[in-house]
Each structure stands twice: as structure tokens, then as C-alpha cells.
Amino acid sequence: MTIQTPGVVPDIFSEDVSIDPLAAYAELRALGPVYDERNDLWLLTRHADVIHALHAPQIFSSAGGYGEFMSGRAGPGDASGRASALRFDSIMGSRVMIASDPPDHTLLRRVVSRPFTKRRIAEWERMARDLATRLVDTAEERLRAGESIDFTQDIAIPLPVTLIAEILGIPAERMADFRRWSEALVGALAASVDLDRVGADLLEMSQFFSEIVVERRKDPGDDLISAIAAATPDGERLSEIEVVLFCILLLVAGNETTTNLLGNLQHALWDHPSQAAAVRSRPEVAGDAVEEGLRYCGPVQGLFRQVTEDHRLGDVVLPAEAVVYVSFAAANRDEAVFDGADTFRLERDSREHVAFGHGIHYCLGAQLARLETRVVLEELARRELELVPDGASVAVGNAVLRGYSSIPVALA
């Protein structure tokens, strides 16, 4: 089959574009489903096409897409080299939720969803509030003394990494390792990494969680690892490595994403000062700010799928076995769904956003990410802290996540 690539397809996987991809997303939405010859994959950027793909797992396979990407067959640029850092003989062939299709995904989802009860969510919100209060108290003291702080390093990183460690029941002294491992996993998708260092970090993380899982099965506690390790829906229990893989997935989903959402939202509010003032004066709208932030500047840019059979989408036919990049962030700026999509509006109905995905793979940690981000906004507003830039922020981005590694701030 001959595939025609209409016009020039922007390379959203290049380092420069991945840091600031919005203009490229607009170009791609105008093209519709398009083949990116440079990276040997199809790009879906329109909201309707993204929703279609996410609700048709029998056609758009996560096992094929993400599995193929991680095995090195698919992916942008030098993805095969980057992905090799993720390949451990002990996990190949094991089920992991993000790279599974039904019926495996159905079972995995049922196992890991059960501990996410209303009681646990309420307890996690209390924990998040306590952490946010302590972090913002310290930041306020320094800021009112005339110091500058780094919003990313002093608030956006320690809140989610500390909370997810507490939820998993990880000793406080390992939190630095937790952050390093998380950065290594995300770094495996970046434009250039030290593969030996990344591989070593990920192996160390896998071994650590393996030991924890064995311990929790022998002596369970009231933590999430214990709950997942002990779960036996339909009489089947996850294997040790499947529990380990879930812990690794939760580490990144519950850590890197919230850190980047907080940083992205801080910049969005700076770009829309009237909306920032509204949040400071009315902390009760913090939830609306989070929801619009997820649409406007959500950290997850997209994930991979593989087409299981020839499939017509609009005016094109996606060939069987083609790898597809499903862009959540591009879909969230689609003017066909969101009027004035490039403007941040607190009063907008943002419910159609796909920042957490859609369908069977909808993010399991969505409630946690929402509450963490909301309590930070509320605590800043309660103290009437108006943060302003105090130096240049450092933007970072790749095919999966986009955010800031540093955001220097001072008081207005």
C-alpha cells in the first residue's frame, strides 16, 4: 500500500518541538490522520479521532502499540536505543495494564481498582492536604523573607513523590531513590539519555519493588502494595512481577504527571492574570482551574497504539500493524470541541478533555492527580501568595510528558 503524506508533517518528537508543540499540533489537526514517514507511524490529533481510537481497543491495541514501542520496533527517532533500557528478560511477557488489551486488561484493571475505595481516596486527600500545608508554609516563610524559591523543586516535586511513597508504604529514606527511578523511567523516552545509567536505575527499581512485594505478601499492611499483592478476584492473584510492574507504573503516573501538571498550570495562570487573580480571591474555584489546566496544559502528550487490521478513519486507511501515536494534548486544543481552545477559561465546561485518556484505559490515578493539584492551589490562595517569575523557567518535554524542571518564583 502506498501512503501519501500530505504536506510537510512537523516532527513532534524532535527536541525543540516537543518542548513547545502547540503550533505543530495545530498543523497536524488541519491534516487529519496523517502518516509521519520520518518516524514511521501515524499521528491522530483531532479530538474525534482520538476518542475513536481510545474506545476501540480491539482495533487500536495497547499491547501492540506500547509493547512495540518498548521493544524497539516502533517509536520516534532513536527510540529503539532508548527503549532497550526498558527491556528486562524477567518482565517480557508479563502483563502490565498500560500495555494490555482485554481480557488481560479487564482482569488487571479489576484487581488494581478495588483498593481505590472512597475511604482510601478521602485518606489520601487528608495526607495531600497535610503535605501541601507543610510545603507551602515553608515556601511562604522563605518568600516573605525576600527569598526566591523554585516552584518545581520546592513544591511540585516533593508533594506527589512524598505522597505516592506514603501510599505505597515506602520508607521515607528511599524517597530520593523514588524520584531518581521515576526520572529514569521518563528519561528512557527522552531525546538523549545515558542508557547504561537508565538501565541500572530501572533494574534497581525493579529489584527494590520485588523485595517489597515478597515482604508485603508475607506481612501485609494497610498500604496500596499490600492491597494489590493480596487481591484475588475470580480466584486469580497477580504474579510477583505483575505487582512490581503496577508499582512502577503507579510511581510514574502518580509522580511525574502531577509534578508537570502543577508547573504547567502555574505558567498557564501567569499567561492569564485575570484567571490567576480569580483563583487567589476564590479558592473554591481551584477545582475548575485544575480541570481547565488538564485540558489546556495537561502533562501527558500522548501514547502509542498498534492497528490490528486495515481500518478506515476519515479519508485514510490505517494499514494493519501500523503504529499510531494518539495525541491527548493535541485533541484538547481542538476548536471543533473547545471554543477558543488556546485560551484558559475557568468558566469553561472542560469535561470533554482527554488529559487522562478515555475508555478502558482511563487513568486510574485521575482522582489523586486532581486532588493533589487542587490542594496546592487552595493552600497558595488561602495565604494570598501571588507568585511571579524570578528568572527563566526550564522547560522539558518528550513524546509522553511535558513540563518544567525548574520554575524560579518570588512574591509579587
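The values are calculated or read from the model by the stated rules, or taken from the named source; none is laboratory data. Please read these numbers as outputs of a predicted model, since none were measured by experiment. Neighbour counts are summed over all protein chains in view; Cβ atoms, including those assigned to glycine, are modelled from backbone coordinates with ideal geometry. Calculation scope for accessible area: heavy atoms of the full protein, side chains included, ligands and nucleic acids excluded. Shrake-Rupley method; radii C 1.70, N 1.55, O 1.52, S 1.80 Å.
List of remarks:
- Hydrodynamic radius of the chain per Kirkwood, over alpha carbon pairs, in Å: 21.9 Å
- The radius of gyration of the Cα set in the stretch 116-183, together with its Dmax, comes out at 13.5, 43 angstrom.
- Protein heavy-atom surface of the chain, 1.4 angstrom probe: 50% of the accessible area is carbon and sulfur, with nucleic acids and ligands not counted.
- The stretch 258-388 - convex hull of the alpha-carbon atoms, volume per residue in Å³: 112 Å³
- Protection proxy ranking of 27-33, 267-273, 180-186, 41-47 - average other beta-carbon atoms within 10 Å, highest first: 41-47, 180-186, 27-33, 267-273
- Length gained on full extension, GLU204 to ALA412: 70.6 nm, using 0.36 nm per residue less the C-alpha separation.
- Per residue, the chain exposes 41 Å² of accessible surface when a 1.4 Å probe is rolled over the protein heavy atoms with every protein chain present.
- Taking 0.36 nm per residue of sequence separation and removing the Cα-Cα distance, the VAL214/ALA23 pair yields an extension gain of 63.9 nm.
- Ordered from largest to smallest accessible area (heavy atoms of protein chains, 1.4 Å probe), the residues GLU256, GLU147 come out as GLU147, GLU256.
- Calculated log₁₀ intensity ratio I(q)/I(0) where the Debye formula runs over C-alpha points of the stretch 344-412, q = 0.12, 0.15 Å⁻¹: -0.51, -0.79
- In terms of accessible area, using a 1.4 Å probe and ignoring ligands and nucleic acids, ARG382, ARG282, ARG374 rank largest first as ARG382, ARG282, ARG374.
- Debye log10 I(q)/I(0) at q = 0.10, 0.14, 0.18, 0.22 Å⁻¹ for the stretch 214-304, Cα point scatterers: -0.46, -0.69, -0.82, -1.01
- In terms of overall dimensions, the stretch 271-342 has a Cα radius of gyration and Dmax of 17.6, 53 angstrom.
- Among THR373, THR133, THR258: highest mean-square fluctuation, GNM of the chain, C-alpha pairs under 10 Å: THR133
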